[in-house]
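As structure tokens, the structure follows; a few thoughts come after it.
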Amino acid sequence: MEIFYVTSNEGKFLEAKALIPGLKQSSLDLEEIQSLDPLEIAKHKALAAMKKVKSKSLVVDDVSLYLEAFDYKLPGPLIKWFLLSVGSKGIYEIAEKFKKYGAFAVCTLCYVDRKGKIKVFTGKVKGKIVSSSNNSNKSWDYVFMLDGKDKTFAEMSIYEKNLISHRGLAIKKLKRYLRV
């Protein structure tokens, strides 16, 4: 079965491919609607991707990061825009300012089969925001540390991260569904 993982983010694709080796990458430029509902965003991206990757099964993902500093309501699926404006160091500075370091990471995967049937899988993990000497306007992995761990996501290998991450959990659910 040929399945396309639709993302221009090489890191996301490599994580997914490590769990489902047969995946193929499709780097489509998809419009990302603005919403606080990650499911709405993921479904919109999946339907847009289906129009471009005709008659093929595909997966899109949308990632959210919820900060205790914002009562776990923001930035949510708007994390991309937070990163572009303040960077990963800015995410830490927000937590530091409020002295609230808790965070939830959520991955919403949308799988669409050849017939257009949509199935959604989510993975959610709890952690904290930590200081980092690295600053990125594309990834919060440098400042997110899972509860009970002593490494940030950025410090982990793909194998280590896939065992415990929000994306790893969601992809494992997809794998069970696909029976691969």
Based on alpha-carbon centroids, what's the gap between segment 131-148 and segment 23-80 in Å, whole number please? 20 Å
Going through the DSSP H helices of the chain, which span 20 Å or more along their own axis at the Cα atoms while scoring at least 0.0 as a mean Kyte-Doolittle hydropathy? 79-98
With a 10 Å Cβ neighbour count serving as the proxy for reagent exposure, in which order, fewest first, do Thr152, Thr108 appear? Thr152, Thr108
Give me Asp150, Asp61, Asp37 ranked fewest to most by other Cβ atoms within 10 Å of their Cβ, as a rough exposure proxy. Asp150, Asp37, Asp61
Arrange the peptides 169-175, 25-31, 9-15 so that the one whose residues have, on average, the most other Cβ atoms within 10 Å appears first. 169-175, 9-15, 25-31
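All of the numbers you see were taken from the coordinates with simple rules; none came from a lab. On a predicted model such as this, the values are computed, not experimentally measured, just so you know. Positions of Cβ are backbone-derived with ideal geometry, glycine not excepted, and every protein chain shown enters the neighbour counts.
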